[in-house]
Amino acid sequence: MLRKTLFIVVCLSLVIALLPGCGGTAQQVTLSIATAGDTNMEELQRNTFGPEFVKKNPNVTINVVGTGPGDAGSAAIYTKLKAQKDAGTKTWDIDLAIAHQSAMGQMIKDGLLLKYVPETSVAKYVISGDSKNSLGTDVTGYVIPMFHSQTAIAYNPAKVPNPPKSYAEVADWIKANPKRFGYNGVKGGMSGVAFVGGWLYWKTGKYDQLAKGPYDKAIETDWTKIFKELKDLPCTITQGNNGTLDMLNRGEIDMGPVWVDMFVLWKNEGRMDPKLRMALIEPGMPGQPMYVVITSKSANPAVAKKYAEFITSPEQQAKVIVDKMGWYPGIDATQVLPNASDKGKAALFGDISAETYNKYGLSFPLAQYMSDFQTAYEEAK
C-alpha cells in the first residue's frame, strides 16, 4: 500500500512540475519572423518590438529576417511558404510575417495563412477597409494592419488660409492660383499616383468597385476624358515624392499631395517648415497598410498570435507606431490616441483627426485598375 501511494505521489509531482507556473520551466520557443520592407522594418522587429515582447515572455527568442523592400520583399515570403507547402513540410520556418497588400491574394488562395484574427484580443479594433478587403481579395480574419501609410494634401497656411475640404474645392483653388499646386503625375512617386487615384474616385463615384472589384474594363471608357480635365488644370509637375516636399518647403508651390509619414519625418528632422499643415479631403485619398499575418503551418501559432496581439495593441501602436515611427496606427485610431504622447498626437492628428482619417483614408484600386488608370492618365492629352 505504501509503495502504491508513493508511486502516485511521484507521478503527481512530475505532472505538477511540468505545468506552467507550477514549478516547471516554461518551454523555450524561437519565434521566426519574416518582414518585407526597407531595413527600418527589420530593425523595428529586431530592436524595438522583439526585445519588448521578450521582456514579458522570457521563454521566447525572436528571430527576424528581412526579405527586401517593396512588393518583391513580400513576393519572397510567398515563394518561401509556397515551396514549403509544395514539399509537404509539416511545420514551416516562418511563424509570422509582415507583408504588403500585393501578396495577400495569392497567399490566401494557396492556403498559406492562418485565419487568426477573431481569436485575438484586438479583433474589435481591426476596423479599416483594408483589413477586410485588400485589392479585391477578402482578407477578413487573416490580417491585422501593423500600420498605415496615408497620403494627404499639404499646404502653406500663410498662402492658403482656408484649405480645400474636397477634390472639387482643390480644382477651384488650382484654377484661381495657377502653378501653385504641385504633384508628380503618376511617375516618380506614389503620392502623385494617390492624388490621381483619388481624383478618379471623385469623378466616377465608383470607389467600391475600383478598390474591391469586380474588374470590368467597360467602366473605363471615360477615363481619358476625366484625366484630361485634371491635366488641363494649371498645376506644377514635381520630381517625385521628395520633389513635392522640397518645393513646398522652398515656397515654390503652396499645396500638393504628400505621404503623411514623410511629411512628419521631415518636420521632425528640421527639413520642413514647421508651419506647413495637412488636410485629408473628400471623398478621400488612398493609402496602404503593412499586414501582420501568421502562416498556416507555423510551428508556434499560439506564440505568434500573442506577438501579433502585442505589436497591434493600443499601447504599442501608440508608443511605437505613432510616437516613434510617425505612422498611422493599424488598428482603430480612436483606441490608440489616449495612449499616444502629446507630441505624437500633434504630429499625426493635429491636422487630420482620427475620425477624419477613419472616414477618408481609402485603399488603392485593384492592381489591374491601377495599371489602367495610370495608362489612361499618360494618354490623356
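We did not get these values from a lab; they are worked out from the coordinates using the rules stated. No experiment lies behind these values; they were computed from the predicted model shown. As a convention, Cβ positions derive from the backbone with ideal geometry for all residues, glycine included, and neighbour counts pool all protein chains shown.
Separation of the alpha carbons by more than 28 angstrom is noted, of K80/K306; K159/K319; K132/K306; K90/K212, for K159/K319; K90/K212. Taking a sphere under 13 Å around the Cβ of E169 and counting the other residues whose Cβ falls inside, with K and R at +1 and D and E at -1, yields a net charge of 0. Rounded to the nearest whole Hz, the Karplus-based 3J(HN,Hα) values (6.51 cos²θ - 1.76 cosθ + 1.60, θ = phi - 60°) of the stretch 225-241 follow the sequence 5, 4, 6, 5, 4, 5, 5, 6, 5, x, 9, 9, 8, 9, 9, x, 4, with x at glycine and proline. The ranking of V258, V60 from fewest to most other beta carbons within 10 Å of each one's beta carbon is V60, V258.
For the stretch 262-277, 3J(HN,Hα) computed residue by residue from phi via the Karplus equation (6.51, -1.76, 1.60; θ = phi - 60°) reads 5, 4, 5, 4, 5, 5, 4, 8, x, 9, 9, 3, x, 7, 5, 10 Hz, glycine and proline entered as x. Of the beta bridges in the chain, as assigned by DSSP with both residues counted there, near 55 percent are antiparallel.
Other residues within the sphere of radius under 9 Å centred on the Cβ of G344, judged by their own Cβ, net out at +2 (K and R +1, D and E -1). Placing unit charges on the Cβ atoms of the charged side chains and taking the dipole of the chain about its Cα centre, the candidate lying farthest along the positive direction among P164, G361, G344 is G344.
In plain terms, the residue of F181, F49 with the fewest other Cβ atoms within 10 Å comes first and the most crowded comes last, giving F49, F181. The charge dipole of the chain, taken about its Cα centre with unit charges on the Cβ atoms of Lys, Arg (+1), Asp and Glu (-1) only, comes to about 760 debye. Taking label positions 7 Å along the Cα-Cβ direction at both E169 and T91, the computed distance is 5.6 nm, reported to one decimal.
Each of I174, I77, I219 was scored by other Cβ atoms within 10 Å of its Cβ. Listed from fewest to most, they are I219, I174, I77. Scalar couplings 3J(HN,Hα) for the stretch 352-358, obtained by applying the Karplus form with A = 6.51, B = -1.76, C = 1.60 to θ = phi - 60°, are 10, 5, 4, 5, 5, 4, 4 Hz; x denotes Gly and Pro. Per the Debye calculation on the stretch 235-381 with a single equal scatterer at every Cα and no solvent contribution, log₁₀ I(q)/I(0) for q = 0.17 Å⁻¹ amounts to -1.09.
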